[in-house]
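Notes follow once the structure below has been shown.
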Amino acid sequence: MKKQTRGSLMLLLAAMIWGASFVAQSESMKLIGPFTMQTIRFLLAGLVLLPVIFFLDKKKITRNKPETKLQIKHQLHCGVIGGILLAIASNIQQIGIIYTSVGKAGFITALYIIFVPILAIFRRKMPSIRIWFCALLALVGLYFLCISGVMRLNIGDLLELICAFFYSMHISYIDSISDTIDGVRFSCTQFFVCAAVSATGMFGFEMPEVSSILACWLPICYAGILSGGVAFTLQVVAQQDVQPTIASLIMSLESVFAALFGWLLISQALSLRELFGCAIMFIAIILAQLPEKKASRQT
């Protein structure tokens, strides 16, 4: 299997996990605050990866394992930066959902499919015309999937827009360092950093109660182990083989899977408009996967 195909399938699985995690995150928000949710979620995600790192090292199948002090320092430095970007994006997203609808939040957050190729320009990696077309086509699909009627912006929408920008920075940053890091170690480090940053907000603005946390242990475990530990790690590892603009397009399918799981799990029927949006997004992703004649121009 080609590396890009394998990476694309990993990103598709990550998008599926993120889509299903919407129910878990929304349910937990009924009992605990957004900072508390993110703190526990990412702390759990980091702890889950510790035995994974030990196993991979023992089997000697670690990719880009840091050996020297300089490499270890670089690995930690990258993890800290990644964790800060992830903490800002995820916490702003969680807070923004309080003030806006889920559909609008999903649509605005997925604007990273436009921000990522724009950021690539500043890195002197101009996306091809076809990739730009696919990004815009996916955006149209997202609109039909997530938005119905007139779209009016509020404070929650603005927060989700800021979140989208930081997610795009996170995606672009991973691409810039992917050849120099061990993806699993990077994920583990960024999760602990993200948990630490979120904890400052938890203790500063919220009063978490153990009873409330235990009452929603199941959605927290899903968000931490699967959405966090598994899906975000799949993203990091997959981006070592998949261009960031294409990666952002595949990850935007999170909105499609959220709608599908809402239909399957909690009987939220999909309208013809939403099904049309899903179809457009899938077409955009397939077109983006087709080989380019001039691959050097891709990002």
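Starting from the Cα gyration tensor of the range 1-65, take the square roots of the eigenvalues, sort them a ≥ b ≥ c, and report rounded, prolate or oblate (rounded when a/c is under 1.5, otherwise prolate if a/b is larger than b/c, else oblate).
It is oblate, given that a/c is not under 1.5 and a/b is not larger than b/c.
With the cut-off at 27 Å, report for the range 5-147 the share of all Cα pairs above it, as a whole percent.
Everything past 27 Å amounts to 39 percent.
Less than 12 Å Cβ to Cβ from TYR222, Lys/Arg counted +1 and Asp/Glu -1: what total charge do the surrounding residues give?
Surrounding charge for TYR222 is 0.
Students sometimes get this wrong: rank MET202, MET126, MET16 by accessible area, probe 1.4 Å, all chains present, largest first.
MET126, MET16, MET202
For the pairs LYS58/LYS125; LYS2/LYS59; LYS3/LYS58; LYS2/LYS65; LYS2/LYS125, flag any whose C-alpha to C-alpha distance is greater than 26 Å.
Beyond 26 Å: LYS58/LYS125.
How big is the range 108-222 along each principal axis, measuring the range of its Cα positions in Å and listing the largest first?
Computed over the Cα atoms, the extents are 53, 46, 25 Å.
So what is the 222 nm mean residue ellipticity for the chain from helices alone, if each DSSP H run of at least 4 adds -39500 (n - 2.57) and you divide by all residues, rounding to the nearest 500 deg cm²/dmol?
Estimated from H runs of four or more residues: -24500 deg cm²/dmol.
Counting only the heavy atoms of the protein chains, how much of ILE81 is accessible to a 1.4 Å probe, in Å² to the nearest 10?
My reading of the accessible area for ILE81 is about 60 Å².
Please list 3J(HN,Hα) in residue order for the range 119-131, calculated via the Karplus relation 6.51 cos²θ - 1.76 cosθ + 1.60 where θ = phi - 60°; whole Hz, with x for glycine and proline.
5, 4, 4, 5, 8, 6, 10, 5, x, 6, 4, 4, 5
Using a 1.4 Å probe, how large is the accessible area of PHE165, given in Å² and rounded to the nearest 10?
Answer for PHE165: close to 90 Å² accessible.
How charged is the neighbourhood of VAL48? Take every other residue with its Cβ under 15 Å from the Cβ of VAL48, and add Lys/Arg as +1 and Asp/Glu as -1.
Result for the local shell: +2.
If GLU254, GLU27, GLU206 are ordered by their accessible area, calculated over protein heavy atoms with a 1.4 Å probe, which sequence runs from highest to lowest?
Ranked from most to least accessible, the order is GLU27, GLU254, GLU206.
List the extent of the Cα atoms of the chain along each of their three principal axes, largest first, rounded to whole Å.
Reported extents, whole Å, longest axis first: 55, 53, 32.
Which percent of the Cα-Cα distances in the range 28-83 go past 13 Å?
When all Cα pairs of the range 28-83 are counted, 72 percent exceed 13 Å.
Give me the dipole magnitude in Debye, nearest 20, for the range 1-125 about the Cα centre, with unit charges on the beta carbon: positive for Lys and Arg, negative for Asp and Glu.
I would put it at about 700 debye.
Could you go through the range 222-229 in sequence order and give the Karplus-derived ³J(HN,Hα) for each residue, using 6.51 cos²θ - 1.76 cosθ + 1.60 with θ = phi - 60°, rounded to whole Hz, and x for Gly and Pro?
These are the phi-based 3J(HN,Hα) values: 5, 5, x, 6, 8, 5, x, x Hz.
The values are calculated or read from the model by the stated rules, or taken from the named source; none is laboratory data. Note that this is a predicted model, so its numbers are computed, not measured. Using ideal geometry, Cβ is built from the backbone for each residue, glycine included, and neighbour counts are taken over all protein chains shown. SASA here: full protein model, heavy atoms, side chains in, ligands and nucleic acids out. Shrake-Rupley method; radii C 1.70, N 1.55, O 1.52, S 1.80 Å.
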